[in-house]
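Below is one structure, written out as structure tokens, with a few remarks after it.
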Amino acid sequence: MSARIARRVLVAVALTLVAGTAAQAQANKTAPADKVFSYLENFLKVPAQERSRTRVAFALSRDGKPAAGLKATLVEAGGARTPLPIGGDGRFERLPTLAQLQGGSKVEFDAPADAKFGSTLIIEPVLKPAAEYEVAELKAVLDSTNGVIGKAAGPMAMLAPKMTGFGFPGAASGVVVGADGKVQPLPLSGKTPILRLADFKGATRVRLSGTPARVGFIQSKK
């Protein structure tokens, strides 16, 4: 082998090694989908008609802050890839299906392999934000959701969270109207009006000062 050819071979090998090292250094972080979306499989196993009043969401955080703008992709065992957009609040805007979770899918993040993230499960009522609600409707949503949580938790139902009422972030204040027409103010948690149903027995309606940004659950008192 001539010296010139030998030098070319050495250069080619060196370039290959450098490219391989760079590819390894740039490897993206991956995690099993059923770990990123813990509990989602159990929730999706509950018949759809039973969970029609409840939805779940997952928020991704990094260093204690929402992982806004991070790119994530669901990678199925067969190689199919589905983008999982993440909003400005760190929430996934799309979730895997039951079949994808059970098929051993992984989530690939556009981040270094040693990056650390936290994924938080959020259980929410299926309620359109409004300035007024029937308490009977709210109770139906609450009872349905607690039933779904218990069913999804299975043997661990006793340790599962129990929803006891609602929070209305974005509304400055609100009142509860009883069957006799008596009006009582809603208490505040910070700046958010909250309704714990057990505290207002006999109430028929909730009237807020304005339409809330969303409606969320509150859990059992600690």
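Here the gap between Leu188 and Leu98, fully extended at 0.36 nm per residue and compared with their Cα-Cα distance, gives a gain of 28.6 nm. For the chain, the solvent-accessible area with a 1.4 angstrom probe is 58 square angstrom per residue. Specify the residue with the greatest mean-square fluctuation among Ala140, Ala203, Ala67, computed from a Gaussian network of the chain linking alpha-carbon atoms under 10 Å apart. With Cα springs under 10 Å in the chain, the top fluctuation among Ala140, Ala203, Ala67 is at Ala140. What the Cβ-Cβ distance of Arg62 and Asp180 gives, at R0 = 41 Å and to the nearest 0.05, is a FRET efficiency of 0.20.
The angle between the Cα long axis of helix 3-25 and the longest principal axis of the Cα atoms of the chain comes to about 10 degrees, rounded to the nearest 10.
The 3J(HN,Hα) values that the Karplus relation (6.51, -1.76, 1.60; θ = phi - 60°) gives for segment 112-120 are, in residue order, x, 4, 8, 5, 10, 10, x, 10, 10 Hz. Gly and Pro appear as x. The longest part of the chain holding none of the exposed loop GluC sites (Glu not before Pro), meaning those outside H, G, I, E and B in DSSP with at most 16 other Cβ atoms within 10 Å, is 94-222.
When you restrict to C-alpha pairs under 8 Å that are six or more residues apart and normalise by the size of the chain, the relative contact order lands at 21 percent.
Distance from the Cα centroid of segment 108-126 to that of segment 181-199 is 33 Å (rounded to whole angstrom).
Structural descriptor for segment 21-123: relative contact order 43 percent, calculated from alpha carbon pairs under 8 angstrom and at least 6 residues apart. In terms of the mean number of neighbouring beta-carbon atoms within 10 Å, the peptides 154-161, 59-66 order highest first as 59-66, 154-161.
The length gained on full extension between Met156 and Ala115, counted as 0.36 nm times the residue separation minus their Cα-Cα distance, comes to 11.6 nm. Based on Cα contacts under 8 Å between residues 6+ apart, segment 64-172 shows a relative contact order of 18 percent. How many percent of the accessible area of the chain is carbon or sulfur, using a 1.4 Å probe? Accessible surface attributable to carbon and sulfur in the chain totals 56 percent. Between the helical axis of 135-153 and the longest alpha-carbon principal axis of the chain there is an angle of about 40 degrees.
The values are calculated or read from the model by the stated rules, or taken from the named source; none is laboratory data. No experiment lies behind these values; they were computed from the predicted model shown. Here Cβ is always computed from backbone atoms with ideal geometry, including for glycine, and neighbour counts include all displayed protein chains. For accessibility, only protein heavy atoms count, side chains too; no ligands or nucleic acids. Shrake-Rupley method; radii C 1.70, N 1.55, O 1.52, S 1.80 Å.
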